[in-house]
1. Whole-Hz ³J(HN,Hα) for each residue in segment 188-202, computed from phi via Karplus 6.51 cos²θ - 1.76 cosθ + 1.60 with θ = phi - 60°, x for glycine and proline: what do you get?
2. Tell me what the chain gives for mean residue ellipticity at 222 nm when only DSSP H runs of n ≥ 4 count, each as -39,500 (n - 2.57), the sum divided by the residue total, rounded to 500 deg cm²/dmol.
3. Roughly speaking, what is the stretch gain from ARG150 to ARG84, that is 0.36 nm per residue apart minus the C-alpha to C-alpha distance, in nm to one decimal?
4. Can you list residues from other chains, or at least 5 along the same chain, whose modelled amide H is less than 5 Å from the amide H of VAL11?
5. Enumerate the calculated ³J(HN,Hα) couplings along segment 133-140 in order (Karplus 6.51 cos²θ - 1.76 cosθ + 1.60, θ = phi - 60°), each rounded to whole Hz, writing x wherever the residue is Gly or Pro.
6. Under a 1.4 Å probe, what is the accessible area of segment 45-137 per residue, stated in Å²?
7. According to the square roots a ≥ b ≥ c of the eigenvalues of the Cα gyration tensor, what is the shape class of the chain, taking rounded for a/c under 1.5, prolate for a/b larger than b/c otherwise, and oblate for the remainder?
8. List, in order, the whole-Hz ³J(HN,Hα) value for each residue of segment 89-95 obtained from phi through the Karplus relation with A = 6.51, B = -1.76, C = 1.60 and θ = phi - 60°; use x for Gly and Pro.
Amino acid sequence: MPEPAPIRVKVWDGWVRLVHWALIGLIGLSWWSAETGRMDLHLTSGYAILTLLLFRLGWGVVGSDTARFGRFLRSPLAALGHLRHLFRREPDREIGHNAAGGWMVLALIAALLTQAVTGLFADDQIFTRGPLARSVPPEASDWATSIHIRAFNLILALAALHVLAVGLYFLAKGQNLVRPMLTGWKWLPAGSAAPRLAPFWLGLLLLALAALPALLFRTGLVGG
């Protein structure tokens, strides 16, 4: 008896996809602007990254089912168990992040948040000073500057590992993880329950709230 045909399920809302692809572009912009000395643009890019990270943290609590940390974060043992079957060719049955992918998401958010927050306190002693650099002792600002410079290598390493994993899933398991992150839709086995997607207005409200700190920093109302 043939298996039922797979069904098309909306798994990723527009907000998750926006954060994912916008962060990729902003990381590249932050690197380029720092390398070319365009530090005003570098600060703007950093504020945008901070806004998206704050939004993603909030969306991980009140957003769609597949965005919520409580839904996709499983135990480290579950993640290791999932990786044991990395080279087993099988249909994709995951509604959202798999057990290993969930921890990768958390690691990337933590690394990017470290980069963004230390940038607020950083001071290169030449042209650019973070908006909160004067609010801490010089030693603390120097420490934040050092972490800000070195954390980028960790972000690159995690990003490379993420891309490698996506490539392995495609080649070894026959699962395309990129297409759903572009379109929001995934083909899943018949009977798969569609996740609850949060309303658009909630994401818009949360994004506005997440942008407030960056707006205060950018306008000089806080720090400066």
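The values are calculated or read from the model by the stated rules, or taken from the named source; none is laboratory data. On a predicted model such as this, the values are computed, not experimentally measured, just so you know. Note that we place each Cβ from the backbone using ideal geometry, even for glycine, and neighbour counts take in every protein chain shown. Side chains are part of the model used for accessible areas, which takes the heavy atoms of the whole protein and leaves out ligands, DNA and RNA. Shrake-Rupley method; radii C 1.70, N 1.55, O 1.52, S 1.80 Å.
1. With the stated coefficients, segment 188-202 comes to 10, x, 3, x, 5, 7, 6, x, 6, 9, 5, x, 4, 4, 5 Hz.
2. Dividing the helical sum by the residues of the chain leaves -21500 deg cm²/dmol.
3. 20.6 nm
4. For VAL11, whose amide H was placed from the backbone, the distant partners under 5 Å are TRP185, LYS186.
5. Result, rounded to whole Hz: 4, 6, 8, 10, x, x, 5, 5.
6. Per residue, segment 45-137 has 49 Å² of solvent-accessible surface.
7. Values: a/c = 2.60, a/b = 1.90, b/c = 1.37.
Because a/c hits 1.5 or more and a/b exceeds b/c, the chain counts as prolate.
8. 6, 7, x, 6, 10, 7, 5
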